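Comments concern the structure below.
The values are calculated or read from the model by the stated rules, or taken from the named source; none is laboratory data. Since we're looking at a predicted model, the values are computed, not measured. Glycine gets a Cβ as well: all are built from the backbone with ideal geometry, and neighbour counts include every protein chain shown. Side chains are part of the model used for accessible areas, which takes the heavy atoms of the whole protein and leaves out ligands, DNA and RNA. Shrake-Rupley method; radii C 1.70, N 1.55, O 1.52, S 1.80 Å.
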Amino acid sequence: MSLKTLVVIPAYNEAETIEEVIRGAIRYADVSVTDDASKDATPQILSNLKKEFGARLNVIRHDSNTHIPRGIQDGMKYGLEKGYDWVITMDAGLSHDAEYIEKFKNFEDCDLVIGSRTSTVNVPLYRKLISWLAAKVMNYCLSKGVFNIFGANLMDCTSGYRRYSRRMVGLIANYPLESVAFDFHMESLSIVSLNGGSIKELPINYIFSNSSFNRKVLKLAITFAKKLLLRKWKLIPKYP
């Protein structure tokens, strides 16, 4: 028996791409989109698609902008409520190829499958460097000992294209998150790891598109990584 899969997509002002993304994803699985108080035509596009796809497309509307973490959490809560076995998170732009959804669904059973960006298109060098450094820091932070610098040796710790098990969805959906933007992908990884979850990687091709990544987002990621380091060294209390 095939396991029920839900694709969760947080969206904010994605009128140019959201329809293509949904049409691509819904070929492989049911979809839940969290419209994070978009001010463009995204709500109307979602309304039209909802009429077309019915129960296969769930739309959650936020009255105010809450950013990626709450958008994904609300989608996960819907997945739990409806009894889905896996939740796949993907971007509302065109960075994530929907055809990988089938590969995620057929991947071996584990708690987290990360779409590791082993092949990239148009990714700026500085973004590659940031991702590489983030992977090094996260592997160390999540390792079992202070002197274990390699940890699980994961290649990509910040990719947002992922598949979560129902057990991990249950933990993350109701977790009092500290992250407020793209640092969610670091925090969710840490939640899976610290709760003994199994983690694997699926090589994917990543196409760089318009991104809301900026200095503020980078600062948030650095701040979160610093918290993980200080907790590992027992210089600040565990959370929560």
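Treat each spin label as a single point 7 Å out from the Cα along the C-beta direction, and report the SER209 to TYR126 distance in nm.
The answer from the label model is 2.2 nm.
Roughly how many Å² is the accessible area per residue of segment 61-181, as a whole number, for a 1.4 Å probe?
48 Å²
Once both labels are modelled 7 Å past Cα along the beta-carbon direction, what's the ASN48-LEU218 spacing in nm?
In this crude label model, ASN48 to LEU218 measures out at 3.8 nm.
Want the number for ARG56 to LYS232: 0.36 nm per residue separation, take away the alpha-carbon distance, what's left?
59.1 nm
Accessible area of the chain with a 1.4 Å probe: how many percent of it is carbon plus sulfur?
Answer for the chain: carbon and sulfur cover 56 percent of the accessible area.
Name the residues whose placed amide hydrogens come within less than 5 Å of the amide hydrogen of THR120, ignoring near sequence neighbours (fewer than 5 apart) on the same chain.
Those qualifying (amide H under 5 Å, at least 5 residues apart or on another chain) are TYR206.
Which angle between 0 and 90 degrees, to the nearest 10, do you get for helix 125-141 versus the longest principal axis of the chain when only C-alpha atoms count?
Here the helix axis deviates by roughly 60 degrees.
In segment 132-197, which chymotrypsin sites (Phe, Trp or Tyr not before Pro) are in a loop and have at most 12 other Cβ atoms within 10 Å, using DSSP for the loop call?
The qualifying sites are PHE147, PHE150.
Only residues of segment 106-145 count here: report those whose backbone N is under 14 Å from the spot 7 Å along Cα→Cβ of SER2, or say none.
Answer for this model: 106-107.
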